[in-house]
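Data block below; observations after.
The values are calculated or read from the model by the stated rules, or taken from the named source; none is laboratory data. Just so it is clear, the structure is predicted and the values come from calculations on it, not from any experiment. Here the Cβ is made from the backbone with ideal geometry for all residues, glycine too, and neighbour counts use every protein chain on show. The area values use the complete protein model at the heavy-atom level, side chains included, leaving out ligands, DNA and RNA. Shrake-Rupley method; radii C 1.70, N 1.55, O 1.52, S 1.80 Å.
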Amino acid sequence: RIILPDLREKRMIKISNRLYTANAVRELDRRAIEDEGIPGIVLMKRAGREAFEALLARWPAPEKITVFCGGGNNGGDGYIIAGLAQQQLIPVEIIQLADAQKLSGDAHRAWAFANAAGVAMQSWQSYQSSEAELAGGVIVDALLGTGISGEVRADYRAAITSINQSGLPVLAADIPSGLCSDTGAVRGIAVEAAMTVSFIGIKVGLLTGRGPALVGELKYRNLAVPDIVYEDTADKPAQRLELETLLPAFPQRERDAHKGRFGHVLVIGGDKGYGGAVAMAAEAALRVGAGLVSVATRPEHVPALLARRPELMVKGVTSGQELEQHLQGPTLIVIGPGLGRSPWSEQMLQKAISSGLPMVVDADALNILSEGRVGASARVNVGSDASNWVLTPHPGEAARLLACSNADIQADRLAACREIADKYSATVLLKGAGTLIADSAMGLDKGSVDGRPLWLCPYGNPGMASGGMGDVLAGVIGGLLAQGLDTSTATCLGACLHSVAADRAAEENGEKGLLAGDLFAPLRQLVNGR
């Protein structure tokens with residue numbers, strides 16, 4: 001989670017919601033230095049002090065601070081941290097991955113500051129040859145920062161391995177070394193930090209892909225850079241979502257409200273043996289306020305669904321032809337939970353597409369689409385526009401949609417999310433740590449490199465790695481769409497509601513053993529503003 005400095009400055013909240021690439025942050029640096037006249041070494045000293053204070057707040061009396069410094073400005077931050085520690089008589093040592101004589105500019109000035117303070121320094125090569133082991137205290141990672149390109153080199157790889165194997169807590173300056181700031185992918189190896197202090201602008205890679213697993217507690221400091229520096233910045237790859245800013249979009253109910261005003265969701269799925277999936281999706285749509293929810297599923301699931309949730313209207317269908325009569329009343333369709341990949345499944349999807357209704361497309365409905373046998377002819381019948389579709393793939397399903405590997409998706413989740421949105425002309429929610437939403441609609445403020453919105457949901461926890469979570473998410477989004485929200489707003493709000501509900505449930509009883517059904521109570525609380 002992102003922790004702002006005591007929430008003293010409300011403007012920090014707005015700034016922290018913007019997520020940047022490494023190039024964009026370098027441009028912010030340039031503006032601060034050249035346009036606003038803040039010397040680079042001043043920014044570096046601010047960064048070093050903020051990181052040092054964050055370290056002491058987390059570890060008030062460190063036995064020792066060991067600072068790993070690289071050759072760029074990130075290494076400069078490390079030299080400042082070490083110098084400040086020495087001034088406070090905290091035992092500190094710098095391990096240098098780059099020859100101090102080859103440092104230049106602000107990094108060299110930072111080295112001079114640490115050297116003048118009397119900080120002990122040694123090269124990585126001499127440290128290795130001494131066969132010393134890191135023991136006690138806190139490690140500061142100031143090796144690579146955002147400047148990494150390509151795989152981590154051998155000497156830095158060895159240093160990162162040593163850091164990770166030490167068992168000591170690590171503070172990463174700006175970003176854990178080895179983590180790509182633009183994608184959240186790991187460049188061969190990356191530092192595993194207990195805390196990361198990000199400067200000037202939050203890098204999108206900290207919050208998606210492997211980022212959430214590596215950054216630890218994430219703090220943001222803007223280093224007192226003036227607001228004007230952040231204005232009209234074109235290169236913002238994503239916008240971080242906040243539930244509290246999305247909730248006002250949720251429709252309020254008048255005192256004479258009736259169920260007809262809040263939409264009718266039809267959930268289609270539940271092939272043989274998978275009835276629980278449609279049950280989860282359907283109840284989720286009810287819990288977020290849909291007026292009516294129907295289910296079209298295999299006939300053998302009807303008794304169980306009605307016994308579980310009698311508020312549902314459950315239809316047993318054995319063919320696409322039987323489904324047709326149930327497509328007249330609903331305002332939208334959620335299709336995919338437990339759908340399977342049988343001929344029955346394909347008939348369900350073909351008829352759903354032919355209806356022209358807005359759709360949330362999940363799970364095996366996505367897999368069937370990726371195979372190309374279903375979808376094209378049906379879309380021709382209703383026009384090629386699928387702007388009223390929401391696709392909710394996990395990385396494996398996304399890989400099938402783009403005919404690539406899971407690793408390809410995770411290597412650049414932002415690009416993958418946009419590519420799927422382009423291919424299907426739809427709103428896309430790419431699941432995983434740092435869930436991403438891409439859309440060509442204009443329901444929220446734009447925040448992307450090329451003008452197309454891309455949003456990131458920062459909530460959620462590892463307990464969500466259990467069966468049925470995606471079914472609940474599909475139902476939540478369907479329930480919001482039924483109440484009149486546009487696709488982008490419904491998808492962004494749905495992702496946040498779903499994840500925050502999971503966070504509340506985990507906070508109460510722990511992450512392990514968290515079930516999809518545990519989300520229903522907190523979901524209902526959240527949509528009621530509690």
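Values computed for the structure shown
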| quantity | calculated |
| --- | --- |
| Entries of 64/102; 102/203; 219/431; 45/431; 219/512; 431/512 with Cα pairs more than 30 Å apart | 45/431 |
| For region 111-129 and region 345-368, distance of Cα centres in Å | 62 Å |
| 129, 387, 198, reordered so the largest accessible area comes first (probe 1.4 Å) | 129, 387, 198 |
| ³J(HN,Hα) computed for each position of region 464-472 - Karplus, 6.51 cos²θ - 1.76 cosθ + 1.60, integer Hz, glycine/proline x | 6, 7, 8, x, x, 4, x, 5, 4 |
| 19 Å Cα-Cα reach of residue 315 towards aspartates and glutamates, excluding residues that sit fewer than 8 places from it in its own chain | 271, 283, 300, 324, 346, 471 |
| In degrees, nearest ten, helix 73-87 long axis to first principal axis of the chain (Cα) | 60 degrees |
| Accessible surface, 1.4 Å probe, highest first, among residues 64, 45 | 45, 64 |
| Net charge dipole size for the chain [Lys, Arg +1 and Asp, Glu -1 on Cβ; Debye, nearest 20] | 780 debye |
| Distance between region 205-250 and region 388-444 - C-alpha centres, whole angstrom | 20 Å |
| For residue 389, distant residues with modelled amide H under 5 Å away | 359, 427 |
| Dipole-positive endmost among 124, 404, 279 within the chain (Cβ charges, Cα centre) | 279 |
| Alpha carbon centroid spacing (whole Å) that separates region 22-67 from region 254-276 | 51 Å |
| Semi-axes of the equivalent ellipsoid for the chain, Cα gyration tensor, largest first, Å | 49, 22, 21 |
| Accessible-area order (highest first, 1.4 angstrom probe) of the listed residues 228, 41 | 228, 41 |
| Å² per residue, accessible surface of the chain at 1.4 Å | 40 Å² |
| Distant-in-sequence amide H partners of residue 38 (H built 1.01 Å from N, under 5 Å) | 33 |
| Modelled FRET efficiency - R0 41 Å, residue 131 with residue 53, Cβ distances, 0.05 increments | 0.75 |
| Accessible surface of the chain, 1.4 Å probe, proportion on carbon and sulfur as whole % | 48 percent |
| Lys, Arg +1 and Asp, Glu -1 on Cβ, resulting dipole of region 115-195 about Cα centre, debye, nearest 20 | 80 debye |
| Tensor-based shape of region 39-185 (alpha-carbon gyration tensor, a/c under 1.5 rounded, otherwise prolate or oblate) | rounded |
| Debye log10 I(q)/I(0) at q = 0.16, 0.17, 0.19 Å⁻¹ for region 101-221, Cα point scatterers | -0.82, -0.93, -1.13 |
| Tilt relative to the chain, helix 154-165 - C-alpha long axis, 0 to 90 degrees, to 10 | 80 degrees |
